[in-house]
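S.K.: Pasting a structure here, questions to come.
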């Protein structure tokens, strides 16, 4: 799992409308330069705007 890349993708999508639009319409194109797993790619393929905008950085922190 490429947690750092997933976090970068979410952050970029939230602050860059063009990236968000590409991510939603063509996730494979938007994510071609990121090191993510097949499962992570499938997540982005099925995610909608509300889901992506609702994710918080704390979602990516390990529970102690």
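The values are calculated or read from the model by the stated rules, or taken from the named source; none is laboratory data. Remember, predicted model here, so these are calculated numbers, not experimental data. Here Cβ is always computed from backbone atoms with ideal geometry, including for glycine, and neighbour counts include all displayed protein chains.
S.K.: Looking only at segment 12-29, count how many residues are within 16 Å of residue 55 (Cβ to Cβ) and free of Cβ contacts under 8 Å to residues at least 24 places away in the same chain.
M.R.: So the answer is 5.
S.K.: Being in a loop (DSSP other than H, G, I, E, B) and either in contact with a helix residue (DSSP H, G or I) (Cβ under 6 Å, 6 or more places away or on another chain) or surrounded by fewer than 14 Cβ atoms within 10 Å (Cβ to Cβ) (or both) is the filter; apply it to segment 38-57 and report the residue that is modelled with the highest pLDDT.
M.R.: Among them, the one singled out is 48.
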